[in-house]
Amino acid sequence: MMLLLIYVPANPIVCAILLFMTGLLLSIGFSAYMVYPMSFISKDKFPVANAIVNMFGQLGGAATPFIAGLILDSYGWNVVFTFMSVISLITFITVLTIDEPYKIE
């Protein structure tokens, strides 16, 4: 979808549909991302944990377009997508290192 947005036609309807579909596909699981960890954290600590996760997520969402714009101005689209790929790979590796807690009932 992001590649289609680079070559978007001048038609505003097609542009609106592409932007809508990109947003939908990028955030399709956003509403459920806190349901799973809720069972591992006590009710009094969950709001603080959720706030911390949301804060860093929002900061990343605000900083990434700025950083991508700086990279784009200096190096071009290929480096921007390489940067995003490297960040995604680092995130994936970090997620793989998380030791999942198990609830004993």
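The values are calculated or read from the model by the stated rules, or taken from the named source; none is laboratory data. Treat the numbers as computed from the prediction; the structure is a model and nothing was measured. Virtual Cβ from ideal backbone geometry, glycine too; neighbours counted across all protein chains shown.
The rows are residues; the columns are (1) loosely packed, with under 10 Cβ neighbours inside 10 Å; (2) more than 17 Å from Tyr33 (Cβ to Cβ); (3) not assigned by TED's automatic domain parsing to the domain that holds Ser27.
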{"residue": "Met55", "(1), (2), (3)": "no, no, yes"}
{"residue": "Thr64", "(1), (2), (3)": "no, yes, yes"}
{"residue": "Ile71", "(1), (2), (3)": "no, yes, yes"}
{"residue": "Thr94", "(1), (2), (3)": "yes, no, yes"}
| said: Pairs please, first residue from the stretch 5-28 and free of Cβ contacts under 8 Å to residues at least 40 places away in the same chain, second anywhere and assigned to a loop (DSSP other than H, G, I, E, B) and β-branched (Val, Ile, Thr), Cβ atoms under 9 Å, 6+ apart in sequence or on different chains. | reply: Val14/Val8; Cys15/Val8; Leu18/Val8; Leu19/Val8
| said: For the chain, give me every one of the helices (runs of 4 or more DSSP H) that falls completely inside it and has 2 or more residues that are under 12 Å from the mean Cα position of the chain (by Cα). | reply: 12-26, 46-74, 77-96
